[in-house]
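The values are calculated or read from the model by the stated rules, or taken from the named source; none is laboratory data. Please read these numbers as outputs of a predicted model, since none were measured by experiment. We place every Cβ from the backbone using ideal geometry, glycine too, and count neighbours over all the protein chains shown. Ligands, DNA and RNA are excluded from the accessible area calculation, which covers all protein heavy atoms including side chains. Shrake-Rupley method; radii C 1.70, N 1.55, O 1.52, S 1.80 Å.
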There are 2 protein chains.
Amino acid sequence: MSGSRVERPLARGRGIPEATVARLPLYHRSLVALRERGVTTVSSEELAAAAGVNSAKLRKDLSHLGSYGTRGVGYDVDYLVYQVARELGLTQDWPVVIVGVGNLGHALANYGGFTSRGFRVAALVDNDEALAGELVNGLPVYPLAKLEQIIAEHHVSIAVVATPGPVAQDVCDRLVAAGVTSVLNFAPVPLQVPEGVDVRKVDLASELQILAFHEQRKQMSLLTPLTALAPLPPRTEAAG
Amino acid sequence: MSGSRVERPLARGRGIPEATVARLPLYHRSLVALRERGVTTVSSEELAAAAGVNSAKLRKDLSHLGSYGTRGVGYDVDYLVYQVARELGLTQDWPVVIVGVGNLGHALANYGGFTSRGFRVAALVDNDEALAGELVNGLPVYPLAKLEQIIAEHHVSIAVVATPGPVAQDVCDRLVAAGVTSVLNFAPVPLQVPEGVDVRKVDLASELQILAFHEQRKQMSLLTPLTALAPLPPRTEAAG
DNA sequence: AAGTGTGAATTGATTCACAGCC
DNA sequence: GGCTGTGAATCAATTCACACTT
């Protein structure tokens, strides 16, 4: 993934491969979009096309959740939406705290995908005293001193770190000490956490750099016909 | 990735595995941080700790670039920074266009990691006529009609799509038609692109949902001692 | 006839463990 | 003696191809 891997080969319990878990949100979104268009039944081929993966992978992924399809027919959209949502934990309400209300924190507080679908921004927290009390997207910004109190009162277990790099580890330590067990890290540093705490990293600069790597190769192969002759595997799936 | 995979098993040319490419930005950043702290030589063990990976993986990754270390000693920080930067294409200048100047586009335009280190925001583009001419982070916002002209004049090959989902595919098609061959997609839809064009997806909602999945499992195992007895593999690496 | 679910085969990534070099 | 670089072994993910169900 692009984010950093949670170091656990198989998800606990029924044992869903991590690669499959990472695609469930994609399937969920595609299914919701199909449902909104009035589609009631979908084949693995169709759903795979909508999600931009191949159908064998989709079927294998769904088979890890259970046998929710009908041979010769396909999957019932409503039923599958529910099953995937339940598996992802979207049928419960997750209060989330966002630490760091800079440009990115601001954008995240307003981001639709964060506020809808199971998640709710319980509080915004920032170091900067000047911001305290300010309203962002209708939500007040609390000072960092209130962090532990907010986590306890709202039963927050998932936090978003959108602070500058140098303070991210300190913030993370406080989050974990206060009871947070899942962290989404936007700061450009690897966070150290104790066992049992999950971290996923979203690294905007890295993503651009990975694109630049491939872009450079493309441009090189235009200039040097020798390497340009190396066969490229076909791109059948949609990406992104 | 957390981001969607570029569908090419090995990078062109010398054949660097995609998983290795995805970690090079991490190593680059860790090396720069070490250099800033005055470190001149580093062992695979030390660098791996700084980057949050294990040392065997780091050595294998670096071995794909070449033999840049010294046995019994370690790696010269300056030299390795340069080699990794060169491999990533950071020694050249990449003009980037950002399409969509909503909350997220705004944040990205201001984001340090985007503007420094090889990348330069050549232009901001938005559909909204009201925004046209406005200055964001000192950069003017251009109307969508100017998209092709901007790409041609600035020789843009990398674009960032930060538009709402419904228009993302249209924008992407125009970008590709105008010559863009790498796209960083923040819109919550899979983009269809022709062969030879790379797309990476950053999906904030997905990342939260993946955390929620694991969080739900943790909470379930607290309630049901039976599954709580299932052994957890140790977490030795840092994540995020 | 259509299309899921899944063993088997393949491909890719990670980890081990040590030979080789400084 | 210490540490890199790398074959070999292991582990995970993907793809194939078809038996089975409706």
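Determine which single condition residue B:172 fails, assuming it passes every other condition in (1) open to solvent by 70 Å² or more (accessible area, probe 1.4 Å); (2) over 11 Å from residue B:97 (Cβ atoms).
The number of the failed condition is (1).
Please name all residue pairs, on different chains or six or more residues apart, with Cβ atoms under 6 Å, provided the first residue is in segment A:143-172 and is over 16 Å from residue A:183 (Cβ atoms) and the second residue is assigned to a loop (DSSP other than H, G, I, E, B) and open to solvent by less than 70 Å² (accessible area, probe 1.4 Å).
A:143/A:132
Do we have residue A:140 as modelled with pLDDT under 95 and either outside any helix (DSSP H, G or I) or surrounded by 18 or more Cβ atoms within 10 Å (Cβ to Cβ) (or both) here?
yes
Being in a loop (DSSP other than H, G, I, E, B) and more than 11 Å from DNA strand D (Cβ to nearest atom) is the filter; apply it to segment A:43-58 and report the residue that is farthest from residue B:191 (Cα to Cα).
A:43
For residue B:193, state whether it is at pLDDT 95 or above and within 18 Å of residue B:101 (Cβ to Cβ).
no
Residue-wise test of (1) buried (at least 17 other Cβ atoms within 10 Å of the Cβ); (2) facing chain A (nearest Cβ under 8 Å); (3) under 22 Å from residue A:108 (Cβ atoms).
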residue	(1), (2), (3)
B:94	yes, yes, no
B:120	no, no, no
B:157	yes, yes, no
B:167	no, no, yes
B:195	no, yes, no
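Of the conditions (1) in contact with an Asp or Glu (Cβ under 7 Å, 6 or more places away or on another chain); (2) surrounded by fewer than 16 Cβ atoms within 10 Å (Cβ to Cβ); (3) of a type outside the set (S, T, N, Q); (4) farther than 20 Å from residue A:96 by Cβ, residue A:214 fails just one. Which one is it?
(2)
If you take the residues of segment A:42-86 that are hydroxyl-bearing (Ser, Thr, Tyr) and within 9 Å of DNA strand C (Cβ to nearest atom), which of them is most open to solvent (accessible area, probe 1.4 Å)?
So the residue we want is A:67.
Given (1) on the phi < 0 side of the Ramachandran plot; (2) within 11 Å of another protein chain (Cβ to nearest Cβ), where does residue B:52 come up short, assuming only one miss?
(1)
Would you call residue A:97 outside any loop (DSSP other than H, G, I, E, B) and either away from DNA strand D (no atom under 16 Å from the Cβ) or touching an Asp or Glu at 6+ places or on another chain (Cβ under 6 Å) (or both)?
The answer is yes for residue A:97.
I need a count of the residues in segment A:59-92 that are within 14 Å of chain B (Cβ to nearest Cβ) and assigned to a loop (DSSP other than H, G, I, E, B).
The qualifying residues number 6.
In segment B:23-41, how many are of a type in the set (Lys, Arg) and within 16 Å of DNA strand C (Cβ to nearest atom)?
Qualifying residue count, segment B:23-41: 1.
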